[in-house]
Amino acid sequence: MDSLQDKIATLDRHRMPVHVAMIMDGNGRWAKRQGFMRSDGHAEGVSTVHRVTKMSSDLGIKYLTLYAFSTENWNRPNEEVSTLMYLIGWAIERELPELLRNNVRIHLIGDIERIPEDARKRLFDARDATAHCTGLQLLMCLSYSSRWEITEAARKIARKVLKGELDLDKITEETFADNLATAGIPDPDLLIRTGGEERISNYLLWQIAYSELYFTPVLWPDFSDSDYADALLDFQNRERRFGKTSEQVQNED
């Protein structure tokens with residue numbers, strides 16, 4: 001089995017994905033297998049976020065988007081939701097010094113006003129503190145779902161049409177993208193989901209139209225730097241055609 005160093009050396013730094021999105025699945029199942037409480041799995045998952053963020057920054061990946069808490073997650077037991085909210089606020093505050101050292105900028109995407117006040121304040125403080133950073137752009141999707149985002153974009157566009165700021169007949173795909181929460185951010189090149197499930201779960205549905213999808217059975221707390229390198233190597237071995245033929249892509253290369 002190749003070492004992490006061997007895998008990193010094999011990566012083509014000129015063909016790295018610009019934007020990686022992740023669905024961090026498996027915290028609860030990891031905890032159950034260890035005989036722990038679900039909250040212990042979420043706490044362990046924070047360490048994986050730390051590793052993935054650092055590795056992305058070190059490899060020169062420009063955007064990393066993490067599905068931290070979905071709109072549907074509000075339906076989980078109150079105790080688990082409260083624990084998750086606490087962990088999110090605690091983790092972002094704990095990680096802030098290193099994020100600043102590594103020039104990482106935080107973006108918050110989702111219905112953030114639903115987040116409890118204490119966690120929300122810590123998130124906003126971290127976002128504001130990193131606003132000047134020019135390295136990795138870390139997008140945290142919190143209280144987020146893609147259908148929520150698309151609905152909000154439709155409302156924004158409708159308001160502009162009603163105010164006479166936008167011609168209905170001039171609405172394009174670009175117009176719609178410019179009204180999403182990810183406006184100005186390139187679409188993900190690679191979407192990674194841990195935990196063995198092979199579905200998108202209402203995540204970045206507009207943005208991943210041509211993303212490469214990578215599913216792994218590894219549970220999020222166990223997702224190592226080596227596993228991340230495997231996903232990146234798999235990405236680099238794929239041919240991205242965007243509707244063209246292989247011959248067209250090869251001629252362009």
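For the range 231-251, enumerate the residues that are of a type outside the set (Phe, Trp, Tyr) and either touching a strand residue (DSSP E or B) at 6+ places or on another chain (Cβ under 9 Å) or not in a helix (DSSP H, G or I) (or both).
Within the range 231-251, Ala231, Leu232, Asp234, Asn237, Arg238, Glu239, Arg240, Arg241, Gly243, Lys244, Thr245 meet the criteria.
May I ask you to verify whether Ile115 is of a type in the set (Val, Ile, Thr), surrounded by 17 or more Cβ atoms within 10 Å (Cβ to Cβ) and either under 16 Å from the mean Cα position of the chain (by Cα) or closer than 22 Å to Phe223 by Cα (or both)?
Here the answer is no, as Ile115 does not meet what is asked.
Touching a residue at least 24 places away in the same chain (Cβ under 8 Å) and either aliphatic (A, V, I, L, M) or surrounded by 13 or more Cβ atoms within 10 Å (Cβ to Cβ) (or both): does that describe Ser47?
The answer is no for Ser47.
Cβ-Cβ under 6 Å, sequence separation 6+ or interchain: first residue in the range 203-220 and of a type in the set (Gly, Ala, Ser), partner surrounded by 21 or more Cβ atoms within 10 Å (Cβ to Cβ) and at pLDDT 95 or above. Which pairs?
Within 6 Å, the pairs are Ser211/Pro188; Ser211/Leu191.
Which condition number does Ala129 fail, the rest of (1) farther than 30 Å from Gln5 by Cβ; (2) touching a Lys or Arg at 6+ places or on another chain (Cβ under 9 Å); (3) of a type in the set (Gly, Ala, Ser) being met?
Only one criterion is unmet by Ala129, namely (2).
Could you give me the residue pairs with C-beta distances under 9 Å whose first residue belongs to the range 103-116 and is farther than 17 Å from Leu87 by Cα and modelled with pLDDT of 95 or more, whose second residue is aromatic (Phe, Trp, Tyr) and not in a strand (DSSP E or B) wherever it lies, and which are 6+ apart or on separate chains?
Note: pairs meeting the criteria are Gly110/Trp148; Asp111/Trp148.
Among the numbered criteria (1) modelled with pLDDT of 95 or more; (2) farther than 25 Å from Ser70 by Cβ, which one does Gln248 miss?
Checking Gln248 against (1) modelled with pLDDT of 95 or more; (2) farther than 25 Å from Ser70 by Cβ, the one that fails is (1).
Would you say Tyr228 is surrounded by 10 or more Cβ atoms within 10 Å (Cβ to Cβ) and either at pLDDT below 95 or within 20 Å of Ser47 (Cα to Cα) (or both)?
So Tyr228 fits the description; yes.
Among residues belonging to the range 153-178 that are hydrophobic (A, V, I, L, M, F, W, C) and more than 27 Å from the chain's Cα centre (by Cα), point out the one that is farthest from Ile208 (Cα to Cα).
Leu162
Look at the range 1-44 and say how many of its residues are closer than 21 Å to Asp234 by Cβ, free of Cβ contacts under 8 Å to residues at least 12 places away in the same chain and surrounded by 13 or more Cβ atoms within 10 Å (Cβ to Cβ).
The qualifying residues number 1.
If you take the residues of the range 118-156 that are of a type in the set (Gly, Ala, Ser) and under 14 Å from Val104 (Cα atoms), which of them is surrounded by the most Cβ atoms within 10 Å (Cβ to Cβ)?
Within the range 118-156, the match that is surrounded by the most Cβ atoms within 10 Å (Cβ to Cβ) is Ala126.
Quick one: in the range 179-225, of everything that is surrounded by fewer than 16 Cβ atoms within 10 Å (Cβ to Cβ) and among the hydroxyl-bearing types (Ser, Thr, Tyr), which residue is farthest from His42 (Cα to Cα)?
Tyr210
The values are calculated or read from the model by the stated rules, or taken from the named source; none is laboratory data. None of these values were measured; they are calculated from a predicted model. A quick note on method: Cβ atoms are made from the backbone with ideal geometry, for glycine too, and the neighbour counts reach across all protein chains shown.
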